[in-house]
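Nothing in this text is a laboratory measurement; each read-out follows from the coordinates by a stated rule. Note that the coordinates shown come from a computational prediction; the quantities given were computed from them, not determined experimentally. Cβ coordinates were reconstructed from backbone atoms using ideal geometry, including for glycine residues, and neighbour counts include every protein chain displayed.
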Amino acid sequence: MKNNNQRVLITGAAGFLGSHLCDRFLLEGYQVIGMDNFITGHKDNLDHLSDNENFQFIEHDVTEFVSLDGPLDHILHFASPASPIDYIKIPIQTLKVGSLGTHNLLGLAKAKGARILIASTSEVYGDPLVHPQTENYFGNVNTIGPRGVYDEAKRFQESLSMAYHRVHGLDTRIARIFNTYGPRMRLNDGRVVPAFIGQALRGENLTIFGDGMQTRSFCYVDDLVEGILRLLLSDYTDPVNLGNPDEITIKAFAEEILHRSKSDCKLVYLEMSENDPLQRQPDIGLAKKLLDWQPIIPRNEGIEYTFNYFTALPKEQLLRKEHKDFTARIKQ
């Protein structure tokens, strides 16, 4: 699968998923251009690539016009806040990166004759009335709720991509990504995996919103990256679910984390977040058929890798519980 001399642009490159994608595409022999404005991404995620002659980084906000010199074969659009604590705090920027940012990158793909893959999300299904979720389910989304800014940004992103495909013949791909975890997640980004691990490592009680019976399906990042690469190189333009169908309740997952950390902490229950989905499980039948893909890393193994990453963080970073302030870095 080596592709020497092909150039790929990865937006959101300094984020959790974006940085892993940079690693994989470099490994596959691509010339990689990473782009990020560091609103939620972090330079540390790319430090190990600073001496790689096949990697170039551009600091840029994709909601502004995007231009690149030279040929471009592929674009992977992963620029977006991706956790509730982010997109509830910066809702307008979340909507802009899904709309204006996607429009700019689709325009760049059209100008360069490049294939573009957009990172959509299982959140397009909202609080689903169909379980597990298949690609032909249209979703149950509260457009004006606090989570709606993310859900609708991604739904619009899909619509715009398909419009460019139908009107301009653009070569597009849509990945509907379910809960993914692994090294380089932000410890305090509000998502359940780093939240529980961080609390356990600090000796705190684990916080569960609601009764803990809501479900999630966690996919290790290496499995997801493999699926994204296969989808990009496929000839399929409609959305494809990428995730791990191994469903678990939040309460059972919290108990797994406590067992892994050998912690004496307890589970603490708080009021359920508004519009928090009660069920989340991908039907990956399409990905299996089209891409010959399914996750292979079991949760206990992936959690072990993730635990080891967080355990190795500097103590002051582990103890820092406040969330970073975006307000000085963005134009809403």
* Over all Cα pairs of segment 1-101, how is the pair count split among 5 Å bins, expressed in % and running from 0 up to the last occupied bin? -> 3, 13, 25, 24, 18, 10, 5, 2, 0
* What is the packing order of peptides 62-68, 6-12, taking the mean over residues of other C-beta atoms within 10 Å and listing the highest first? -> 6-12, 62-68
* Between the alpha-carbon centers of segment 191-213 and segment 43-92, tell me the distance in whole angstrom. => 29 Å
* Asked: Going by alpha carbons, how many degrees (0 to 90, nearest 10) lie between the helix axis of 148-168 and the longest principal axis of the chain?
  -> 20 degrees
* Ranking Tyr309, Tyr125 by Cβ neighbours within 10 Å, fewest first, what do you get? -> Tyr309, Tyr125
* Estimated 222 nm signal from helices in the chain, with DSSP H stretches of n ≥ 4 weighted -39500 (n - 2.57), rounded to 500 -> -10000 deg cm²/dmol
* Asked: Can you tell me the Rg and the Dmax, both Å, for the Cα atoms in the chain?
  -> 19.0, 59
* Fewest Cβ neighbours within 10 Å first, please rank Arg155, Arg115 accordingly. => Arg115, Arg155
* Asked: If one computes the Cα centroid of segment 157-181 and of segment 226-282, what distance in Å separates the two points?
  -> 22 Å
* Degrees, to the nearest 10: 16-27 long Cα axis against longest axis of the chain -> 50 degrees
* **Antiparallel bridges, percent of DSSP beta bridges restricted to the chain (to nearest 5)** => 10 percent
* **Using alpha-carbon coordinates, inclination of helix 299-311 to the longest axis of the chain, degrees** => 90 degrees
* Asked: Taking only C-alpha pairs under 8 Å that are 6+ residues apart, what is the relative contact order of the chain in percent?
  -> 17 percent
* Listing Ile250, Ile118, Ile88 from the residue with the fewest other Cβ atoms within 10 Å to the one with the most, what is the order? -> Ile88, Ile250, Ile118
* Asked: Peptides 33-39, 145-151, 55-61: what's the order by average Cβ count within 10 Å, highest mean first?
  -> 33-39, 145-151, 55-61
* Asked: In the structure displayed, which of Lys251/Lys315; Lys288/Lys315; Lys154/Lys315; Lys43/Lys112 lie more than 32 Å apart, Cα to Cα?
  -> Lys288/Lys315; Lys154/Lys315
